[in-house]
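Asker: Mind having a look at this structure? Questions to follow.
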Amino acid sequence: MVVTGALLGVLLGAACSDEGASPGDASPVDVGEKAGSMAPASPSPSPVETVATERSPEQLIEAGRSVYNANCIACHGVDPTRDGALGPAVAGSSLELLEARVLRAEYPPGYEPKRPSRVMVALPHLESKLPELAAYLQSL
């Protein structure tokens with residue numbers, strides 16, 4: 001317990017220091033000047049582009065399995081190749097279908113739904129995870 005407290009004190013002290021200056025030495029002007037000296041960030045790729053380009057297919061599939069288990073399993077069941085209690089089997093679902101269903105709770109143009117129900121709601125917080133989810137479902 002004493003070691004943990006001492007370590008916490010060291011970490012807090014290091015986080016508050018500024019190369020030998022005490023925390024009270026910085027004025028709001030100093031902070032603003034430091035922040036203003038930073039170069040502007042270059043445009044970063046979208047979350048979907050980042051996920052798809054920085055991981056191997058195996059990593060995408062494993063991440064997609066985790067997304068499925070955390071968000072889809074309650075309605076679509078443990079096995080995506082079989083119908084769930086509320087949702088149909090989703091193995092093989094395309095990214096286009098997932099974008100329409102997960103982000104907007106609708107179907108892509110010309111898609112014939114497996115069930116007539118409209119139970120699924122939009123889950124827009126999963127937008128950056130769709131490539132992972134698609135990789136997993138298409139791997140089955």
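Every number in this text was worked out from the coordinates using simple rules, so none of it is lab data. Since we're looking at a predicted model, the values are computed, not measured. Every residue, glycine as well, gets a Cβ built from its backbone with ideal geometry; the counts of neighbours run over all protein chains shown.
Asker: In the range 88-124, what residues are under 17 Å from C75 (Cα atoms), among the polar types (S, T, N, Q) and surrounded by 13 or more Cβ atoms within 10 Å (Cβ to Cβ)?
Answerer: If the condition is that a residue be under 17 Å from C75 (Cα atoms), among the polar types (S, T, N, Q) and surrounded by 13 or more Cβ atoms within 10 Å (Cβ to Cβ), then S93 is the only one that fits.
Asker: Given A89, A100, A74, A70, which one is assigned to a loop (DSSP other than H, G, I, E, B) and free of Cβ contacts under 8 Å to residues at least 40 places away in the same chain?
Answerer: A89
Asker: A further question on this structure: Being within 21 Å of the chain's Cα centre (by Cα), over 13 Å from L133 (Cβ atoms), small (G, A, S) and surrounded by fewer than 15 Cβ atoms within 10 Å (Cβ to Cβ) is the requirement here; does A85 meet it?
Answerer: In short, no.
Asker: Now for a different question. Look at L126 and say whether it is under 20 Å from I61 (Cα atoms), hydrophobic (A, V, I, L, M, F, W, C) and free of Cβ contacts under 8 Å to residues at least 40 places away in the same chain.
Answerer: In short, no.
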